[in-house]
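Heads up: the structure comes next, in structure tokens.
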Amino acid sequence: MIKHEETGNRGAFYFEREGERLASMTYSRTTPTLVIIDHTEVSDVLKGQGMGRQLLDALVAWARETNTRLMATCPYALAQFKKDATLHDVVAR
């Protein structure tokens, strides 16, 4: 199950198993309605299992629910935004 935390202007969507964080997608909040995804990291034990996309999907669902717009400096998130038109509704222009 993907979890979410936000403290101050920093947040993360993450997956952990037995108390160990194995994957995370972090962001910085720049305004009350805009966050910038800055990093995605997935442990070698989960590579190739679609965990990066699961993190992004959870973040996008949250953005839709909270009317938050997304930007990205993270290469993974940028690539997903470019190739998947279903995500464009949450991308800040």
For Asp84 and His39, extending 7 Å from Cα along the Cα-Cβ vector and measuring point to point gives, in nm, a value of 2.2 nm
Gained length - Met1 relative to Glu18, 0.36 nm times residue gap less alpha-carbon distance: 4.9 nm
Would you please name the GluC sites (Glu not before Pro) within the range 13-90 that are DSSP coil residues with at most 12 other C-beta atoms within 10 Å of their C-beta? Glu18
Helix-only [θ] at 222 nm, the chain, -39500 (n - 2.57) per DSSP H run of 4+, per residue, nearest 500, equals -8500 deg cm²/dmol
Whole-Hz Karplus ³J(HN,Hα) for the range 30-38, in order, using 6.51 cos²θ - 1.76 cosθ + 1.60 and θ = phi - 60°, x for Gly and Pro? 9, 9, x, 10, 9, 10, 10, 6, 10
To test your reading of the geometry: what angle, between 0 and 90 degrees and rounded to tens, separates the Cα axis of helix 51-66 from the longest principal axis of the chain? 40 degrees
Trypsin sites (Lys or Arg not before Pro) within the range 14-70, DSSP loop, no more than 16 other Cβ atoms inside 10 Å: Lys47
What percent do you get for the relative contact order of the chain when only Cα pairs under 8 Å and 6+ apart count? 22 percent
Quick one: order Lys83, Lys3 by neighbouring beta-carbon count within 10 Å, fewest to most. Lys83, Lys3
Dipole magnitude of the range 12-93 about its Cα centre (Cβ charges: Lys, Arg +1; Asp, Glu -1), debye to nearest 20: 340 debye
Quick one: which residues, 5+ away or cross-chain, put their amide H under 5 Å from the amide H of Arg10? H built at 1.01 Å from N. Arg29
Which residues qualify? For Ala92, with a placed amide H closer than 5 Å and at least 5 residues away or on another chain, they are Leu70, Met71
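Throughout, read-outs are computed from the coordinates displayed, never taken from laboratory work. All figures in this text were calculated on a predicted structure; none of them were measured in a lab. Quick reminder, even Gly has a Cβ in these numbers, built from the backbone with ideal geometry, and neighbours come from all protein chains shown.
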